[in-house]
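Read the structure below first, then the notes.
The values are calculated or read from the model by the stated rules, or taken from the named source; none is laboratory data. Treat the numbers as computed from the prediction; the structure is a model and nothing was measured. Cβ: placed from backbone, ideal geometry, glycine included. Neighbour counts: every protein chain shown.
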Amino acid sequence: MHGPHAMNRLRRRLCCKPVPAIEWTIAAALLLGSAPGHAEETPHEAIRAEYRLKAGFLYNFAKYVEWPASAFHSAQEPLRLCIFGNEAYTAVRDVLAGKTVKGRALDIVQPGNAAEAARCQVVFVSAEYRAGAQAQSMPPGLAASALKVGETPDFLHNGGTINLVRSDNRIRFEMRRNSTAATPPDLQFSSQLLKLAVLTDDTRQGGER
Amino acid sequence: MMRRFRDRPLHSKLTVIIMVTCCTALVLGYAALAWRYAVGEQHKLVRHLEIVADVTGANTISALAFDDAAWVRRHLQSLQADPLVVAAAVYDQRGTMFASFQARAAEGADAASTVRVSRALLLDGEPLGSIAVDGDARQLHSALLADALIMSVIVMATGLVSWALATRLQRLVSEPIARLARTMERVATSRDYSQRVEPSGHDEVGMLIGSFNEMLDQIESRDRRSRIAAAQLEHLAHHDALTQLPNRTLFRIRLQQALGEADRQPQRVGVMFVDLDRFKTINDSLGHAVGDLLLQEAAGRISESVRETDVVARLGGDEFAVLLNGIRSASDAARIASKLVEQLARPFRIAEQDLFISASVGICRGSESAKDVETLLKNADAAMYRAKEGGRNDYRFFSTEMSADATESLTMTNGLAHALDNGEFAVHYQPRIELATRRVTGVEALVRWQHPVHGLIPPARFIPVAEASGMIEPIGDWVLATACRQARAWSDAGLGEVQVAVNFSARQFRHADFPEHVASILRRSGLPMQRLEVELTETLMMADHDKTQHVLSALKAMGASLAMDDFGTGYSSLSYLKRFPLDRLKIDQSFVRGLPANQHDLQITKAIVALAKSLNLRLVAEGVETPQQCDVVQQLGCEEAQGYLFGAPMPAADMARFLAAHQCVGDLVTGS
C-alpha cells in the first residue's frame, strides 16, 4: 500500500522542476509496475523503479551527513556521488541529475578505477556490483570519509555505513548500533538520520572480520 | 416605543435613563475587556500551536524525507500529552496527508472550536511538505462563556441596584417638577390663584417654580384689580356720578324687584317723579358748577325726605324718582310727597347766595292696570307734568285721564317735523296798550299749534321740544315772516302802524348773520325795521355776552326795538340791562297777578319800575286781568300793559277787527 505512494512522493520531491509529461507517463508506469503481482511488471522495470527510490535516499543521506572540511578541496567543489553498478547508475543519474546538496552541485559518476573512487563523498555499492566483483565486498580506493551505502545483507559487516533493505514493500536503511567503531572518521550523522535507521548489532560480524 | 416612553411620567423616564446608562456602560466595559481577553488568549493559543508545529515539524521532516510514515505517526502521538492540541497532520509536497494524529479528547471539536496553524516543512531550503496543528479553542470559548454568564449576573444585579437607587434619586429632580405640575393642574381646575408651589432650591426647577409663583402673584393681583374695576364699573353703570344715587337702569331693576316681591299687591309699590322747577334757569345763568352743587344738595334733601326703605334715583338732568315700598294707603305717599315738596322749596345756600327752586312731583301707585315698570314710570311722569302745569311746587297723583297727555307728548317731536309743512301752526296776536292813551301801540305775536288730533297745543308744551330738536329755527323764521306780513297788511288796510313783537329763541341768536337774516325777512314782508320789536329772555341775555351784545347792537342799529320778556323771573345780574341797548322791560305776569293785595309782589313791581326809570326804559305790565291791576301798574309808573283785560291772544282776523274797533284811543277804555 505504501510502496507506490512512497515512490510517487519521492519522485515528486526529487524533481525540482516541473516534470515533463513524458516522464510522468514513465513514473506512472513505474508506479503501476511496482505494485506486486502486476501483470505488465517485468523484473527489469521493477529493479529500475527501486533504484529510482534509492536514488532519493542517497540524495537525502547527503543532506543529513556532515563531511569534514578535508573531504572537499573547496567550498564550491561538487559533491561526488559514485555509483557502482550500471543499472543503479542509470536510474540515479536519471533522478538526481542537476541537483544540489547544501550548496554543492551533485556529480553522479561511475568510477572506473581506484583513483576516481578515492574522490567520492558518497558511494553506492549495488548488489549488481557486488555480485560481479566477487573478490571484494567494497570497491577499492575509497576515502575514509566516504559515506558508503549498500544494498546487500552483509554490507555493514564488510565496512559499509548504511545498508538499504526492503521491508514490508518499503525501503528502510540499516546502520550499526555501535557506530563509533564502524563509522568513517570525521563523518557526522544527524540525529535525525540515526533515529530513523534500523540499528543492527554488528559486533560479532565486526569481530569476524 | 419612543412615543410610549414620551408619555411616561417624568420619574419613570429618569429611572429608565439612569438604568440604561448604567447597564450600557457596564456591558460596554465588559465587552471591551472580554474582547481584549479573547484576543489575548487566542493569540497565546496560536503562539503555542506554532511552537508545537515548529518543533514537531523539525522532528518529523527527516521521517518525511525518508518516507517513514509510521515514525511520523508515532511521533505525532506524543502530542497527546498536550491538552491544547486536538489534531495534527503532516502533508507531503502535493498536499496529500502523510500522517495524522487525532487527540482522544478531540470528540465534538468542530471547525468552529478549533484553531489551525500550518507550517511549511523545508529541508535544505527545499520544500518537502507541511504540518498542520489544530488547537482546541473550546476551553477559551467556555472560559469566555463562563465570564459572560457571570457578567450577565453582575449586569442584572447592577440593574437592580441602579433601579433601586434611581427610583430614589430621581425624586430629587422629578419631585419638585411633579409638585409644580400638580399645583398648576389644581390652579387650572379650581381657578384659585391664591395657591403657591413650595419653593425648592435655586436650580432651574427652583427658578421655574419661582416664576410660576410670581405669575400666580400677578394673576391674583390682576384678578383682584379687575374685580375691583368690575365692581366700580357696576357701580358706575348703576349710579349717577354726581349724586351717587342709583341711576335709571338700577331704578328700573329695583322697581322690577319691588313689583316681584309685592306679588299680588301692586298697590303697595309707588313711583314718584320729582322734577326741579326752574333748575334749568339756574344752571344756565349761574353755571354748571352751581347747578351741580344744587343737584347734590337737592338729592340729599330728597333722600332725607323719604323713608329708609325707599329708593331714590336720579333719572337724568333735574329729574329724580323715588321708589316707595310697602305703602298702605295714598296718604302714605302724599305725606312723603308733601314733605319732599316742602324740603325742596326751602332756599338752597350755595356759593354764598340763596337759590330758590321748587319741585313738581308726580305719584303713581301700582294697580291691577299698572303693575309693570313701564306703565308705572310713564304714569308718574304724566302726573309730574300735570303738577308742573298746575303751577309747580306741588304734587299730583296719577289719574287715568293723564295717560293720554303723556302719550301725546311722546309723539310731539314727530308731529313738529310735519306741522310746519302741514300748516298746523298759526300766529295769534295780543294787543299791547299804552295806559296813558289806551291806544294800541303794538301786538305780541304768539305761535299756536293746532294739532289735527290733539287740538290746540300751548307753546309751553311744544317750544321746549322744538328747541331741543332744532325745529325752533324754521318755526321762528316762519313766525317772524308771518307776523311781519300781517303787520304790513294791517297798515295797508289802514289799521294803523302797530309795532309787532316777536319772541326769539337763544338758538336763533347763535348765528352770526342773524341780524342780516332778520333784515332780509323784513324786506320780503315789506315791513320797516322800526316796526319790529325783538323780545328776549333773561336766559338768552346770559348765554354769550359778547356775541349777544354784537347781535343786539346790530339789530338796534337797523332800527328794531328790543324788549326784555318775563323780567324778574331770572337770576341774572342787572348789569346787562346797562350793557344792552334795551327799549322795554316786560314785568312778568306772576308779579302782576298778586297785585294789588300781595305786598311782596307790589314791592318787587315798584323796584322794577324804579330800575326801569333809572335806565330810561319803557315798562310793560304783563298779565293785567282786572281794572284794579291796571290802575296799580299805571300808578306805579308802567307806560304800557298787556292782558286779558284788554284782549287775549287772538287770530289775525279778530285782531284786525280789534284794531279797527280801537282806532280811536278814547274808545279803548274797558270798563273804567
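Tabulated results
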read-out: Count of the range A:119-141 residues which are closer than 19 Å to residue A:188 by Cα and surrounded by fewer than 21 Cβ atoms within 10 Å (Cβ to Cβ); value: 1
read-out: Residues located in the range B:622-645, provided they are under 21 Å from residue B:429 (Cβ atoms), surrounded by fewer than 21 Cβ atoms within 10 Å (Cβ to Cβ) and of a type in the set (A, V, I, L, M, F, W, C); value: B:645
read-out: Positions within the range B:252-271 being buried (at least 19 other Cβ atoms within 10 Å of the Cβ) and not in a helix (DSSP H, G or I), in sequence order; value: B:269, B:270, B:271
read-out: Hey, residue B:248 in contact (Cβ under 8 Å) with a residue 40 or more places away in the chain, over 29 Å from residue B:352 (Cα atoms) and crowded, with 19+ Cβ neighbours inside 10 Å or not; value: no
read-out: For residue A:114: the one exception among (1) more than 14 Å from chain B (Cβ to nearest Cβ); (2) surrounded by 16 or more Cβ atoms within 10 Å (Cβ to Cβ); value: (2)
read-out: Residue that is nearest to residue B:138 (Cα to Cα) [pool: residues in the range B:1-30 that are among the β-branched types (Val, Ile, Thr) and surrounded by 14 or more Cβ atoms within 10 Å (Cβ to Cβ)]; value: B:27
read-out: Test: residue B:180 is modelled with pLDDT of 85 or more and either β-branched (Val, Ile, Thr) or in the same structural domain as residue B:35 (by TED's automatic domain parsing) (or both); value: no
read-out: Single residue of the range B:47-61 satisfying the filter (in contact (Cβ under 8 Å) with a residue 24 or more places away in the chain and of a type in the set (A, V, I, L, M)) that is farthest from the other protein chains (Cβ to nearest Cβ); value: B:49
read-out: Check on residue B:516, acidic (Asp, Glu) and not in a helix (DSSP H, G or I); value: no
read-out: Qualifying residue in the range A:71-89 (condition: closer than 23 Å to residue B:122 by Cα, hydrophobic (A, V, I, L, M, F, W, C), assigned to a loop (DSSP other than H, G, I, E, B) and in contact (Cβ under 8 Å) with a residue 12 or more places away in the chain); value: yes
read-out: The listed residue being out of contact with any His (no Cβ under 8 Å at 6 or more places or on another chain), under 22 Å from residue A:194 (Cβ atoms) and of a type in the set (Val, Ile, Thr), out of A:125, A:109; value: A:125
read-out: Residues that are hydrophobic (A, V, I, L, M, F, W, C), within 17 Å of residue B:614 (Cα to Cα) and part of a loop (DSSP other than H, G, I, E, B), drawn from the range B:633-660; value: B:638
read-out: For residue B:82: the one exception among (1) over 19 Å from residue B:96 (Cα atoms); (2) at the interface with chain A (Cβ under 9 Å from one of its Cβ atoms); value: (2)
read-out: Any hit, the range A:74-89, residues being in contact with a helix residue (DSSP H, G or I) (Cβ under 6 Å, 6 or more places away or on another chain) and among the aromatic types (Phe, Trp, Tyr); value: yes
read-out: Residue within the range B:165-174 that is more than 30 Å from residue A:101 (Cβ to Cβ) and either within 14 Å of another protein chain (Cβ to nearest Cβ) or free of Cβ contacts under 8 Å to residues at least 60 places away in the same chain (or both) present; value: yes
read-out: Filter pass, residue A:99 being touching a Gly at 6+ places or on another chain (Cβ under 6 Å) and within 26 Å of residue A:46 (Cα to Cα); value: no
read-out: Residue B:98, sole failed condition from (1) within 14 Å of chain A (Cβ to nearest Cβ); (2) in a helix (DSSP H, G or I); value: (2)
read-out: Every pair of residues 6+ apart whose Cβ atoms lie under 6 Å, when the first sits in the range B:62-78 and is more than 7 Å from chain A (Cβ to nearest Cβ) and more than 22 Å from residue A:53 (Cβ to Cβ) while the second is of a type in the set (Val, Ile, Thr) and crowded, with 22+ Cβ neighbours inside 10 Å; value: B:75/B:60
read-out: Qualifying residue in the range B:31-46 (condition: crowded, with 17+ Cβ neighbours inside 10 Å, within 14 Å of chain A (Cβ to nearest Cβ) and not polar (S, T, N, Q)); value: no
read-out: Of all residues making up the range A:150-178, the number that are in a strand (DSSP E or B), away from chain B (no Cβ under 14 Å) and over 18 Å from residue A:53 (Cα atoms); value: 1
read-out: Pairs, first surrounded by fewer than 17 Cβ atoms within 10 Å (Cβ to Cβ) in the range A:145-162, second of a type in the set (A, V, I, L, M, F, W, C) and part of a loop (DSSP other than H, G, I, E, B), C-beta under 7 Å, six or more apart; value: A:159/A:138
read-out: Matching residues, the range A:71-99, being surrounded by fewer than 16 Cβ atoms within 10 Å (Cβ to Cβ) and within 14 Å of chain B (Cβ to nearest Cβ); value: A:98
read-out: Any chance residue B:143 is part of a helix (DSSP H, G or I), aliphatic (A, V, I, L, M), within 30 Å of residue B:116 (Cα to Cα) and assigned by TED's automatic domain parsing to the domain that holds residue B:41; value: yes
